[in-house]
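One structure is given here, and the rest of the page talks about it.
Every number here is computed from the coordinates shown, using simple stated rules; none is lab data. Because the structure is predicted, anything quoted here is derived from the model rather than measured. Positions of Cβ are backbone-derived with ideal geometry, glycine not excepted, and every protein chain shown enters the neighbour counts.
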Ligand code: HEM
């Protein structure tokens, strides 16, 4: 694993004052969101399955994926967003990379989750919705980071260029 995604995760948490503003709110709203978990998860896979290519990817294992999606949601609201959290979430990203799932799909289903969380938390007020979106966006950033790092790794293999050098060449700094 390169360190880029982890560095970005840490920077993004500082930028949004995540640990101070949002992390403490998430366990308080967990019960409310989890009341809607089953419908959110069912709709997540129903939406995904409307796309022919995505439907093929999840075919035959939707029940198992629904169980891991529930565990993923539980952890989202656990209140602990340190190194272990990052490592587990990054592994989820790597699993999607290995399964060759286009990142486009991750973006569109994350968009669905944003709307679903806002709906589930509407009665809890703005702070609750903001906290749920803040952690969801950090998770999406980690998954997309795993795709980015995989691309850099593959480009490094093909060109023979050092990965750090490639990162530097592609950065704006
Ligand atoms: C925000 C978006 C997503 C989240 C949070 C999510 C969550 C997860 C989690 C928690 C796992 C289990 C990882 C493990 O075994 O530890 C998983 C696996 C999987 N997900 Fe997703 N997922 C997302 C998007 C997608 C999309 C868009 C697809 C398909 C188009 C997909 C298809 C799969 C498949 C096929 C696996 C099993 C991979 C394998 O074991 O080889 N996921 N996902």
Name the most mobile residue of 110, 16, 159, meaning the one with the largest mean-square fluctuation, in a Gaussian network model of the chain with Cα contacts below 10 Å. 159
Measuring from the lowest to the highest alpha carbon on each principal axis, how far does the range 104-170 reach, largest first, in angstroms? 54, 21, 12
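So what's the projected area for the range 23-76, the Cα convex hull averaged over all directions, in nm²?
Across all orientations, the range 23-76 yields a mean hull projection of 4.0 nm².
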Principal-axis tilt of helix 83-98 within the chain, Cα atoms, nearest 10 degrees: 70
Using only alpha carbons, build the gyration tensor for the chain and give me the equivalent ellipsoid semi-axes, biggest first, whole Å. 28, 22, 12
Per-pair calculated FRET efficiency, R0 = 22 Å: residue 17 and residue 110 via Cβ, rounded to 0.05: 0.50
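Tell me what the chain gives for mean residue ellipticity at 222 nm when only DSSP H runs of n ≥ 4 count, each as -39,500 (n - 2.57), the sum divided by the residue total, rounded to 500 deg cm²/dmol.
Numbers: 10 runs with 137 residues, N = 173.
Calculated from helices alone, the mean residue ellipticity at 222 nm is -25500 deg cm²/dmol.
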Percent relative contact order of the chain, based on C-alpha pairs within less than 8 angstrom and at least six residues apart? 35
Cut-off 17 Å, label 7 Å out along Cα→Cβ of residue 36, residues of the range 93-120 by amide N: 109-120
